[in-house]
Amino acid sequence: MKEILFFDVDGTLYNSEKILPASAKEALLEARRNGYEIAIATGRAPFMIQSLLEELDINTYVTFNGQYVVYRGEIVYTNGVEKDELSKIIAFGNARHEPVVFLDAQRMIASVGNNEMISESLNTLKYPYPNIDSTYYMQNEVYQTLIFMEEKDEHLYREAFPNVQFVRWHRYSCDVLPKGGSKAAGIEKVLEKMGLTLNDAIAFGDGINDIEMLQAVGTGVAMGNGHERVKAVATHIAEHVDEDGLAKIMRQLNII
């Protein structure tokens, strides 16, 4: 078996219209025919990529930025912020009128209704406003929480909660992750199951939450539309996702 390929979703597989380009789909299928294992590595929840997994016949994926990892249909690793810590973060946000959204493998639940920051952020993912239950995390396993606040206020959370990570993905929203949680950590769980090393993996991404992943693997590819900090750590830079950048770089790397 050749290496395994890990693909971020938004801005890497999905273009600016949140659509999988035909060129990207064919490139992935050709890579599989060439002997590569195909996997997803995303900040999204499993339920948010179900149609993509089915379309590409993928059953290995790192979701929630490494907090929920599945290898060939089997859950091999889960993680999340401790409930006590999460409770403190929520209380801190409530005092500032900054809400949260909880995510598990099946659904997302908002702590409040009719919030503009939640609406705008989730609209970029083409997702409707969630159902509301402010105590959902107390009775359910939550693998990722989104906190909604402006970037200028992010330092307040970082200073108050040094044992967690706040990874921004939208001008109004950050993923709340356990310290040390990342796509890279999730990828390691997959590679352990396969008997491979990080050098055997190739990863493709564009966002801040892809930095650790691109640094960790043997070959890290940043999309041309990616954040400058992501490009700075990549071994290769592709063209823009809207210009068939993924398929083109896969040809340059002789994957297809």
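The values are calculated or read from the model by the stated rules, or taken from the named source; none is laboratory data. None of the values given here were measured: they were computed from a predicted structure. Quick reminder, even Gly has a Cβ in these numbers, built from the backbone with ideal geometry, and neighbours come from all protein chains shown. All accessible areas refer to the heavy atoms of the entire protein, side chains included, with ligands and DNA or RNA removed. Shrake-Rupley method; radii C 1.70, N 1.55, O 1.52, S 1.80 Å.
Values computed for the structure shown
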{"quantity": "Of all accessible heavy-atom area on the chain, the percent that carbon and sulfur account for (1.4 Å)", "calculated": "44"}
{"quantity": "Choice from Met117, Met194, Met223 with maximal GNM fluctuation in the chain (Cα, 10 Å cutoff)", "calculated": "Met194"}
{"quantity": "Tyr129 accessible area, 1.4 Å probe, all protein chains in place, Å² to nearest 10", "calculated": "70"}
{"quantity": "Projected label distance in nm at Ser51 and Ile132, using a 7 Å step from Cα toward the beta-carbon", "calculated": "2.7"}
{"quantity": "Full-stretch length increase - Val112, Leu253 - with 0.36 nm per residue and alpha-carbon distance subtracted", "calculated": "46.1 nm"}
{"quantity": "Straight-distance crosslink candidates among lysines, where the alpha carbon sits under 24 Å from Lys193 and sequence neighbours closer than 8 are dropped", "calculated": "Lys2, Lys179, Lys183"}
{"quantity": "Within the chain: Cβ-based charge dipole about Cα centre, in debye rounded to nearest 20 (Lys, Arg +1; Asp, Glu -1)", "calculated": "260"}
{"quantity": "Centroid-to-centroid separation of the range 109-172 and the range 21-86 [C-alpha atoms, Å]", "calculated": "22"}
{"quantity": "Full-stretch length increase - Asn199, Thr124 - with 0.36 nm per residue and alpha-carbon distance subtracted", "calculated": "23.7 nm"}
{"quantity": "Kirkwood-type radius of the chain, with distances r between different C-alpha atoms, in Å", "calculated": "18.4"}
{"quantity": "Where Asp10, Asp210, Asp242 fall by accessible area, highest first, once all protein chains stay in place (1.4 Å)", "calculated": "Asp242, Asp10, Asp210"}
{"quantity": "Where the chain is the region considered: accessible area per residue in Å², 1.4 Å probe", "calculated": "44"}
{"quantity": "Mean separation of Cα contacts under 8 Å, 6 or more apart, over the residue count of the range 83-178: relative contact order %", "calculated": "27"}
{"quantity": "Distance in nm between pseudo-label sites at Glu82 and Val233 (7 Å out along the Cβ direction from Cα)", "calculated": "2.6"}
{"quantity": "Table column - 3J(HN,Hα) (Hz), the range 220-228, Karplus curve with 6.51, -1.76, 1.60, x for Gly and Pro", "calculated": "x, 10, 9, 6, x, 7, x, 5, 4"}
{"quantity": "Point-to-point label distance, Ala91-Ala160, nm (Cα→Cβ direction, 7 Å offset)", "calculated": "1.1"}
{"quantity": "Area accessible to solvent at Lys231, 1.4 Å probe radius, in Å²", "calculated": "40"}
{"quantity": "Over the range 1-73, equivalent-ellipsoid semi-axes from the Cα gyration tensor in Å", "calculated": "18, 16, 10"}
